[in-house]
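What follows is a set of notes on a single structure, which appears directly below.
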Amino acid sequence: LKEAQDLGYAEADPTFDVDGIDAAHKLTLLTALGFSVKPDFDALSITGIRGVTADDIAFAKELGFKIKLLGIAKRLKDSGGDKILQRMEPCLVPMNGSIGSVEGVFNAVNVAGDFVNKIMLEGPGAGEGPTASAIVADIIDIARGNRPPMFGIPAEDLVEAQWADSNDIEGRCYLHLEVEDASGVIADVTSILKNHGVSIQTLLQPEANEGEVASIVMILHDVGYKAILDGVSELEKLSTIVQKPKLLRVEEV
């Protein structure tokens, strides 16, 4: 973080960067631009990267993923096109996928349309050069009188959106548990998940020394997110779970 601040990539007060708030502001505007709806920051579900650990990054890599802070806005296909989902959170993405290949200070926007399929735009997202370039470009547009509608249409034509609950969608998830190194723990965990209709696709259990806390890492099959949350809530009640479970979604981008 200190290095990012020294290079001008993170603010002196990094709260908005670490907690995903700065990126969430941008997502709110992109949602309005993409779907012609009124910006509504309060309708956005936000989770930053503060809780992501070096262990999570290492486990994700071993499973073939990277962890990226993603801002996602989409029109849900199963809602008749009436609801818009927007959320900001760290997710696992395939290591060699389009988003997984974005490194360093570079940002990327992945757009999926009805007729154009997928388009990805990538470029530096911070630093004195890119920031100065954007500001000067705006000044030149103003000087030339180039003032198109900010959202592609006049702001008064933006409509109120019907927002979807991000917990209603289905998908795969990464689950990281820190547990006592005792017999029967995995059986208890899998039994609770099964009772909530959650099945395990991949399980990783690094070897722990006797008496140490053990890690259990799983990729869960596609299932409703609420079912996973209910299962994790019950897991937290086990006396053998020594830390709050870590749950991240998996996105195929």
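Observations, loosely collected:
- Of all residues making up the stretch 132-176, the number that are assigned to a helix (DSSP H, G or I) and touching a residue at least 60 places away in the same chain (Cβ under 8 Å): 3
- Any hit, the stretch 69-85, residues being of a type in the set (D, E, K, R), surrounded by 12 or more Cβ atoms within 10 Å (Cβ to Cβ) and under 30 Å from residue 4 (Cα atoms): no
- Entry remark, the stretch 206-228: residues being surrounded by 14 or more Cβ atoms within 10 Å (Cβ to Cβ) and in contact (Cβ under 8 Å) with a residue 40 or more places away in the chain number 12 in total.
- Any hit, the stretch 49-70, residues being more than 24 Å from residue 206 (Cα to Cα), modelled with pLDDT of 95 or more, outside the structural domain of residue 205 (by TED's automatic domain parsing) and not in a loop (DSSP other than H, G, I, E, B): yes
- Flag for residue 32 being at pLDDT 95 or above, assigned to a helix (DSSP H, G or I) and either closer than 18 Å to residue 125 by Cα or among the polar types (S, T, N, Q) (or both): no
- Search result, residues across the stretch 185-205 that are touching a residue at least 40 places away in the same chain (Cβ under 8 Å) and farther than 21 Å from residue 227 by Cα: 204
- Residue match in the stretch 211-234 (condition: acidic (Asp, Glu), assigned to a helix (DSSP H, G or I), over 25 Å from residue 61 (Cα atoms) and under 21 Å from the mean Cα position of the chain (by Cα)): yes
The values are calculated or read from the model by the stated rules, or taken from the named source; none is laboratory data. Keep in mind it's a predicted model, so treat the numbers as computed, not measured. Neighbour counts are summed over all protein chains in view; Cβ atoms, including those assigned to glycine, are modelled from backbone coordinates with ideal geometry.
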